[in-house]
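Undergrad: Below is a structure I'd like to ask you about.
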Amino acid sequence: MSAIELVKGVFWVGVNDRTTELFESVWPLPQGVSYNSYLIVDEKVALIDTVKGPFALELVENIEEIIEPAKLDYLIVNHMEPDHSGALPLLRRLAPRARILGTEKAGGLVRALYHLEGGFEPVRDGQRLSLGRWSLIFYETPFVHWPETMMTYLTEEKILFSGDAFGGFGALDGGIFDDQLDLSRYEPEILRYFSNIVGMYTNPVQRAIQKLKALEIEMIAPAHGPVWRKEPERVVGLYDRWSRMEGEPGVVLIYGSMYGETELMAEQVARGVIAGGAPLRVLDASRTHLSFLLAEAWRYRGLILGAPTYDGGIFIPMEQFLRLAQRKRLQRRVVGLFGSFGWSGGAVKAMKSVIEELGWELVEPVVEFNGRPTREELEQGLALGRALAERVRKALE
Ligand code: FEO
């Protein structure tokens, strides 16, 4: 994809990545991802963020459609993770007089990651930079997503270049703007990005949202995913809600099952949730990548977990999910539990202990059964589903 104008003189010059399988070598990218880079052409020329290293040439070609890269005055780094800074070394060679601007901490990362010496100038929180008829203001927003992160605001056009914040997975299909794209396809990928990449930093996200509240914003141009010109408040609202971890009034049931006994119970619990009147999503932990499990757990207030006992503890895919939820500090969940065992228990007890550590609210009955569940035990499963649905509805009334 080549350059696209946001407003006169401001261009998207980023790239779509449809070939990387795993973002950060961890998170699957079934719909790809975009690395958004923005060019501002005024009396001075500034580039805001770059792209991942292997796409550097494509970025340069996009810039060349507008201006000779040698004419760049500023390389602004909102964020130094290499999916945005990977083209810095090449641009430094093509535009040797350009100054690299970022927070003090970004300077350390420029040296650490690329061994680039000289040419870096730290900017302060609230500092203004005149480009000619336009000016930029820099706002430090640490830990959204790394400690050095900042956002850049183009005052006259009221465009906020927000870095990772308000971004998401998903390559940009043809257009780049929210009013050109099918957002129902992008929003689940924005949530998966938020929960897995930014989720650990919900307090910094809240601080950034509060800090930027006073700004008049007509367009949000993040470093990944759609550019929000029609409804910038929509993506801010999503990030605000997700970072408060309230959850929607619904339930995700995540289960694992080796030979079908726990699955049998999962079906009954699911029926109970529907009978209790809550929307439900059922996911098999063995066949669903952890990142999708976490995203759905982040979406809904209600969470039901079911697993067999394995090696005297929690079935491995469920244990991995719980570890990730713990790592990402998911909070405020209302939880139901069920589990099976062959000769001695273990899974339910261990899951309970993780839930206590997480401070999640446990809803009774907890259903534990030996081997294949009996009719009475399946009735308990039904009651569990119903109780959880009712609790979730009440929690969000
Ligand atoms: Fe998209 Fe934290 O980098």
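The values are calculated or read from the model by the stated rules, or taken from the named source; none is laboratory data. Given the structure is predicted, the values throughout are model-derived calculations rather than measurements. Cβ placement follows ideal geometry from the backbone for every residue including glycine, while neighbour counts extend to all protein chains displayed. Heads up: the accessible areas ignore ligands, DNA and RNA and are worked out on the full protein's heavy atoms, side chains in. Shrake-Rupley method; radii C 1.70, N 1.55, O 1.52, S 1.80 Å.
Undergrad: Can you tell me which residue within region 76-90, out of those that are within 11 Å of the ligand (Cβ to nearest atom) and not aliphatic (A, V, I, L, M), is most open to solvent (accessible area, probe 1.4 Å)?
TA: 82
Undergrad: May I ask you to list the residues in region 218-247 that are modelled with pLDDT of 95 or more and open to solvent by 50 Å² or more (accessible area, probe 1.4 Å)?
TA: Result: 218, 229, 230, 231, 233, 234, 241, 244.
Undergrad: A further question follows. Name the residue, out of 215, 160, that is assigned to a loop (DSSP other than H, G, I, E, B) and either open to solvent by less than 10 Å² (accessible area, probe 1.4 Å) or not assigned by TED's automatic domain parsing to the domain that holds residue 289 (or both).
TA: 215
Undergrad: Something else now. Do you know which residues across region 135-191 are among the aromatic types (Phe, Trp, Tyr) and within 12 Å of the ligand (Cβ to nearest atom)?
TA: 143, 146, 166, 169
Undergrad: Now, a different point. Could you list, in sequence order, all residues of region 82-105 that are part of a loop (DSSP other than H, G, I, E, B) and in contact with a helix residue (DSSP H, G or I) (Cβ under 9 Å, 6 or more places away or on another chain)?
TA: 86, 87, 95, 96, 97, 98
Undergrad: Answer yes or no: is there a residue in region 111-128 that is farther than 19 Å from residue 201 by Cβ, within 16 Å of the ligand (Cβ to nearest atom) and in contact (Cβ under 8 Å) with a residue 12 or more places away in the chain.
TA: yes
Undergrad: Quick check on my filter: what residues within region 131-163 are free of Cβ contacts under 8 Å to residues at least 40 places away in the same chain and among the polar types (S, T, N, Q)?
TA: Answer for region 131-163, where residues must be free of Cβ contacts under 8 Å to residues at least 40 places away in the same chain and among the polar types (S, T, N, Q): 135, 155.
Undergrad: In addition: Among strands (runs of 3 or more DSSP E) lying entirely in region 284-397, which contain 3 or more residues that are open to solvent by less than 70 Å² (accessible area, probe 1.4 Å), charged (D, E, K, R) and out of contact with any helix residue (DSSP H, G or I) (no Cβ under 6 Å at 6 or more places or on another chain)?
TA: Of the strands (runs of 3 or more DSSP E) lying wholly inside region 284-397, none has at least 3 residues that are open to solvent by less than 70 Å² (accessible area, probe 1.4 Å), charged (D, E, K, R) and out of contact with any helix residue (DSSP H, G or I) (no Cβ under 6 Å at 6 or more places or on another chain).
Undergrad: On the basis of being within 16 Å of the ligand (Cβ to nearest atom) and either assigned by TED's automatic domain parsing to the domain that holds residue 77 or in contact with a helix residue (DSSP H, G or I) (Cβ under 8 Å, 6 or more places away or on another chain) (or both), does residue 232 make the cut?
TA: no
Undergrad: Can I ask one more? Residues 251, 273: which one is assigned to a helix (DSSP H, G or I), at negative phi, modelled with pLDDT of 95 or more and open to solvent by less than 20 Å² (accessible area, probe 1.4 Å)?
TA: Going through 251, 273 in turn, just one is assigned to a helix (DSSP H, G or I), at negative phi, modelled with pLDDT of 95 or more and open to solvent by less than 20 Å² (accessible area, probe 1.4 Å): 273.
Undergrad: Taking the options 116, 154, name whichever one is at pLDDT below 95, in contact with a strand residue (DSSP E or B) (Cβ under 9 Å, 6 or more places away or on another chain) and assigned by TED's automatic domain parsing to the domain that holds residue 236.
TA: 116
Undergrad: Scan region 163-188 residue by residue and report those that are open to solvent by 10 Å² or more (accessible area, probe 1.4 Å) and part of a helix (DSSP H, G or I).
TA: 183, 184, 185, 187, 188
Undergrad: While we're on this one: Using the structure shown, decide if residue 129 is at negative phi, in a strand (DSSP E or B) and not small (Gly, Ala, Ser).
TA: yes
Undergrad: Turning to a different aspect of this structure: Could you please find all residues in region 349-380 being among the polar types (S, T, N, Q) and in contact with a strand residue (DSSP E or B) (Cβ under 9 Å, 6 or more places away or on another chain)?
TA: 370, 380
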